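Report on one structure; see the data block that follows.
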Amino acid sequence: MTIFFTAAVRGGRSQQPSYQDLVAVLKTYGTVLNEHIADETISDYGETDLSKEQIYRREMEGLSQADLVVAEVTTPSLGVGYLVARALEMNKRVICLYQGEDTHKLSAMIKGDPRTEVHSYTDPKEIAAFIQKTTLRLPLD
């Protein structure tokens with residue numbers, strides 16, 4: 001299975017340790033595209049060595065290849081919202097993960113769309129249990 005992972009980059013570097021944990025869990029289920037988002041060396045300004053056009057092309061190519069999209073949505077991000085919308089347009093399965101009990105801060109546009117599966121967590125290790133309970137248990141590539 002090919003999993004497209006997305007999370008806030010420019011506004012979400014404080015979440016980076018959680019991103020690493022999430023990517024590690026997701027890698028047990030398949031190939032993770034965008035695991036670089038969890039890289040601790042990315043600055044608060046994102047990948048400054050790539051042009052906006054290069055980033056856009058890479059993201060859209062990855063999205064089109066994905067069997068599943070997993071979006072960490074704790075930190076609001078225009079880019080993540082855009083990718084979630086595009087994934088839904090492409091009829092991709094989308095799981096949105098929100099760290100914390102109180103999802104009242106989470107956009108109603110994410111929570112309210114019946115095509116998104118929203119799951120809150122307090123520890124990234126809980127995600128493995130959530131994944132086990134879903135239809136994500138497909139054979140690895």
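The values are calculated or read from the model by the stated rules, or taken from the named source; none is laboratory data. Not measured: the values here are computed from a predicted model. Cβ sites come from the backbone with ideal geometry, for glycine too, and all protein chains shown count toward neighbours.
Remark: pairs (first residue in the stretch 105-119, within 16 Å of Val80 (Cα to Cα); second residue of a type outside the set (A, V, I, L, M, F, W, C); Cβ separation under 6 Å; 6+ apart in sequence or on different chains) = Leu106/Tyr98; Ile110/Thr116; Val118/Lys111. The set of residues from the stretch 40-64 being within 14 Å of the chain's Cα centre (by Cα) and of a type in the set (Asp, Glu) comprises just one member, Glu59. The criterion of at least 3 residues that are aliphatic (A, V, I, L, M) and under 16 Å from Phe130 (Cβ atoms) is met, among strands (runs of 3 or more DSSP E) falling completely within the stretch 2-120, by 68-72, 93-99. Which members of the stretch 104-141 meet the condition of being at pLDDT below 70, in contact with a helix residue (DSSP H, G or I) (Cβ under 9 Å, 6 or more places away or on another chain) and not aliphatic (A, V, I, L, M)? Passing the criteria: only Arg137. Entry remark, the stretch 54-80: residues being at pLDDT 95 or above and over 17 Å from Leu33 (Cα atoms) number 0 in total.
For the stretch 1-25, filtering for residues that are in contact with an Asp or Glu (Cβ under 8 Å, 6 or more places away or on another chain), modelled with pLDDT of 80 or more and under 21 Å from Lys52 (Cβ atoms) leaves 5.
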